[in-house]
1. Out of (1) modelled with pLDDT under 90; (2) buried (at least 18 other Cβ atoms within 10 Å of the Cβ), what's the single condition that is false for residue 51?
2. Look at residue 96 and say whether it is in contact with a helix residue (DSSP H, G or I) (Cβ under 7 Å, 6 or more places away or on another chain), modelled with pLDDT under 90 and surrounded by fewer than 22 Cβ atoms within 10 Å (Cβ to Cβ).
3. Can you name the residue in the stretch 8-25 that is within 12 Å of the chain's Cα centre (by Cα) and surrounded by 21 or more Cβ atoms within 10 Å (Cβ to Cβ) and is also nearest to residue 174 (Cα to Cα) among such residues?
4. Please go through the stretch 118-144 and pick out each residue that is over 30 Å from residue 193 (Cβ atoms), over 18 Å from the mean Cα position of the chain (by Cα) and either surrounded by 14 or more Cβ atoms within 10 Å (Cβ to Cβ) or at pLDDT 75 or above (or both).
5. Looking for something more than 20 Å from the chain's Cα centre (by Cα) and surrounded by fewer than 18 Cβ atoms within 10 Å (Cβ to Cβ) - is there at least one such residue anywhere in the stretch 174-189?
6. Going through 45, 106, 28, 60 one at a time, which residue ends up being over 19 Å from residue 192 (Cα atoms), surrounded by fewer than 19 Cβ atoms within 10 Å (Cβ to Cβ) and either modelled with pLDDT of 90 or more or out of contact with any helix residue (DSSP H, G or I) (no Cβ under 9 Å at 6 or more places or on another chain) (or both)?
């Protein structure tokens, strides 16, 4: 029982930290880059909203409530990353991330739903004939949350280093990292099967 628990948690961690599927990491980077360690509660809430959306779409897929064309989802994932990265570029230094929780948190939940749908097919195979779908989903979600917290910590730590030791302004830090991500996701969008 405990062995299964750790397998599912580890599977969730590996899902996020998989170097070949770095879209999840890119999304977390652009979600986190505008913040500092002092904003940890807000960042944790944002990341948890993403996990909630991700898990909700997996639940809907696991119980065959939704089925969406994989090509559309694979196209939408980098589009969601691009939207957040561009939001950062156009609002860096303007304090937009400090404004009301509503829009940012709802959009993060929506992005989590899209990203979860991208993983739904593979997750369906993992379930196989398992009777305990919900248990497996929750253990997997725990793994995702652990991995996301690791990535968020690394991004916040790098932000701290660059803004204190290397004297980057917060605005420049957000602009540079978000622009790099924009440069990485545009080819993902252009090369998606949906546009082929």
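The values are calculated or read from the model by the stated rules, or taken from the named source; none is laboratory data. In this text the structure is predicted, and so the values were computed from the model without any measurement. Cβ coordinates were reconstructed from backbone atoms using ideal geometry, including for glycine residues, and neighbour counts include every protein chain displayed.
1. It is condition (1) that residue 51 fails.
2. Numbers: in contact with a helix residue (DSSP H, G or I) (Cβ under 7 Å, 6 or more places away or on another chain): no; modelled with pLDDT under 90: yes; surrounded by fewer than 22 Cβ atoms within 10 Å (Cβ to Cβ): yes.
In short, no.
3. Among those that are within 12 Å of the chain's Cα centre (by Cα) and surrounded by 21 or more Cβ atoms within 10 Å (Cβ to Cβ), it is 24.
4. Selection gives 132, 134, 135.
5. From the stretch 174-189, those more than 20 Å from the chain's Cα centre (by Cα) are none; that's our starting set.
So far as the stretch 174-189 goes, no, none of its residues is more than 20 Å from the chain's Cα centre (by Cα) and surrounded by fewer than 18 Cβ atoms within 10 Å (Cβ to Cβ).
6. Working: 106 fails: either modelled with pLDDT of 90 or more or out of contact with any helix residue (DSSP H, G or I) (no Cβ under 9 Å at 6 or more places or on another chain) (or both); 28 fails: surrounded by fewer than 19 Cβ atoms within 10 Å (Cβ to Cβ); 60 fails: either modelled with pLDDT of 90 or more or out of contact with any helix residue (DSSP H, G or I) (no Cβ under 9 Å at 6 or more places or on another chain) (or both).
Matching residue, one of 45, 106, 28, 60: 45.
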